[in-house]
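A short write-up of the structure that comes next.
Each reported figure results from applying straightforward, stated rules to the coordinates on display, with no laboratory input. As the structure is a computational prediction, the values presented were derived from the model and not from experiment. Here the Cβ positions follow ideal geometry from the backbone for every residue, glycine too, while neighbour counts run over all protein chains shown.
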Amino acid sequence: MKKIKNICCIGAGYVGGPTMSVIASKCPEITVNVVDINQKRIDLWNHEDLDKLPIYEPGLKEVVGKARGKNLFFSTEVDRAIDEADMIFISVNTPTKTYGKGKGQAADLKYIELCARNIAKVAVNDKIVVEKSTLPVRTAEALKSILENTGNNVNFEILSNPEFLAEGTAIDDLLDADRILIGGADTPSGQEAKDALSWVYEHWLPKERILQTNVWSSELSKLVANAFLAQRVSSINSISALCERTDANVAEVSKAIGYDSRIGSRFLNSSVGFGGSCFQKDILNLVYIAKSFGLQEVADYWEQVIIMNDYQKRRFADNIIATLYNTVSGKKIAFYGWAFKKDTNDTRESAAIYVADALLEENANIVVYDPKVSKETIYADLEYLGNKSREEIEKLVTVVNDPIEAAKDAHAIAVLTEWDEFKEYDWQAIHDLMLKPAFVFDGRRILDHKKMEALGFKFYKIGQNGS
Ligand code: UDX
Ligand code: UDX
Ligand code: ADP
């Protein structure tokens, strides 16, 4: 069996960084070079102070601290790392296209293509190229075509090895993965490549959890896994709207249906809407692929998951406006949380962005507190929507480091991320600082209804009408 000695990972982001850190720490005999064109990001990965790593993940700094400088290296020397590697992971970003054909739905593969062309240019010996980024089905074929037609006559074996880690639990997900999926060609050299990658994971995972499939099944499984997960959230969120109109409580419904072992209890938490870099993008991809094969009903079916998610975010914002006597103009509304979920500083597609945008449309003043997200990121997220100028955003949105200060003279607090610390606050002190009546809109269902009402709050919790 081919034993991998040197791995290069192109892209030092939320996927590449943690994945390679775990591989390096579990495979001390393999040299792992993580490269990125973003010098600033690489400098942070190399920062002496492990609290300055560019991404926040519980357990990440310990893993990086163990391997960095021994067999784990971060640099911008992309060509050198490609040249030295026998296995190359592509973990660059694949955002949804913002222009041209497939705008708003298809994945933008320009970063992937640039990587492939770079590999083809540099490689002089055989390489196994592993797609790690989430990609539309059949990207491997495009990769193969670029590599074979522009390379220096070297053999490239292309594998699909989708990432299933969730942010906030990335390290645990990697260390104790439910499964590893490896897709590759059904040829002797394809089999050899699949086994070589399998061997890497077998350093810490039982062989039974490593599934080998053909490339297309592997690529499609990634999209489908995320689509099913997102669908669960949209399904329970659709029920949350119904619960708010009746006396049903969405948590009781989730629990009742989750006890059915065919349904299962996980991923049934009603919320202000799912976010993150994957769910929406992957479903849009699925929709685009289905449409491109003329499967309109399939496309419509999955698109509904996104329509429901947009409805949930809009519904939350509309409820704030309606409850605050139909106007939020000039009113201070504090946001607790901006990240798309707890334990991450990632804000991509976070529901908070869209709720803020809807309130800004009504000229609200928003004060944001998030324990991990920077002011610059918050402003950039809003600016990216293109609905308000930077100047207007800075006028209407303030970012603070102190949650209590955020509440001072606020008409309402909206909980947008389920950070644990929000549950521990002195809510009495917060109530005292706010204008009365003091409203709290809990978009994550983390606060206790009865307790909040006893403190005097007008309390609204998603998926529940009254305590
Ligand atoms: C997801 C997949 O879980 C992971 O397997 C894949 O590799 C990448 O996409 P991630 O986006 O990091 O991971 O986080 P996840 O925990 O799946 O949450 C996604 C969004 O759904 C978050 O905004 C979260 O708050 C929301 N969510 C999740 C709910 O609203 N309710 C739930 O019950 C679960
Ligand atoms: C269902 C519920 O399972 C049961 O809890 C409820 O009390 C009554 O409705 P039933 O209709 O008897 O029970 O059978 P079920 O096994 O759920 O199958 C329903 C249909 O779905 C069948 O036509 C079955 O063939 C189909 N099915 C089920 C699939 O096509 N694929 C599957 O994976 C499962
Ligand atoms: P993900 O969540 O998929 O990891 P990120 O945006 O966090 O996405 O990370 C992707 C990284 O890939 C970014 O740091 C970006 O600079 C890097 N990248 C994009 N294109 C290239 C390229 N051609 N060569 C090297 N790095 C690249």
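If you wrap the Cα atoms of segment 6-213 in a convex hull and average its projected area over all directions, you get 11.4 nm². Which of Lys103/Lys194; Lys313/Lys341; Lys110/Lys388; Lys342/Lys423; Lys110/Lys144 have a Cα-Cα distance over 24 Å? In this structure, Lys103/Lys194; Lys110/Lys388 lie more than 24 Å apart at Cα. Seen from a random direction on average, the alpha-carbon convex hull of the chain projects onto 23.1 square nanometres. For the chain, the longest principal axis of the Cα atoms and the long axis of helix 139-150 meet at an angle of about 40 degrees.
Positive end of the dipole of segment 96-209 (Cβ unit charges, origin at the Cα centre): among Val130, Thr98, Gly168, the Cα lying farthest that way belongs to Thr98. The order of Leu109, Leu295, going from fewest to most other C-beta atoms within 10 Å of their C-beta, is Leu295, Leu109. Given their separation in residues at 0.36 nm each and the Cα-Cα distance between them, Phe228 and Asn152 gain 23.2 nm when the chain is fully extended. Of the trypsin sites (Lys or Arg not before Pro) found in segment 87-144, those that fall in a DSSP loop while having at most 11 other beta-carbon atoms within 10 Å are Lys101, Lys103. Of the GluC sites (Glu not before Pro) found in segment 1-92, the ones in coil according to DSSP and having at most 11 other Cβ atoms within 10 Å of their Cβ are Glu29, Glu48.
Across segment 39-144, counting alpha-carbon atoms alone, Rg and Dmax equal 16.1, 45 Å. Dipole magnitude for segment 6-213: computed about the Cα centre from +1 point charges on Lys and Arg Cβ and -1 point charges on Asp and Glu Cβ, it is near 600 debye. With loop membership from DSSP and a limit of 15 other Cβ atoms within 10 Å, the longest segment of the chain without chymotrypsin sites (Phe, Trp or Tyr not before Pro) is 100-203. Dipole magnitude for the chain: about 460 debye, using +1 per Lys or Arg Cβ and -1 per Asp or Glu Cβ, origin at the Cα centre. About the centre of its Cα atoms, segment 306-461 shows a dipole size close to 480 debye [charges on the beta carbon of Lys, Arg (+1) and Asp, Glu (-1) only; nearest 20 debye].
Taking only the Cα atoms of segment 358-406, the ratio Rg/Rh comes out at 0.95, with Rh defined as the Kirkwood radius. Sparsely packed loop sites in segment 33-74 (the trypsin sites (Lys or Arg not before Pro) outside DSSP H, G, I, E and B with at most 13 other Cβ atoms within 10 Å) comprise Lys70. I'd like the distance between the alpha-carbon centres of segment 199-231 and segment 434-465, rounded to an integer number of Å. Measuring centre to centre over Cα atoms gives 41 Å. Computed over the alpha-carbon atoms, segment 255-330 gives an Rg to Rh ratio of 1.12, Rh here being the Kirkwood radius from the mean inverse distance.
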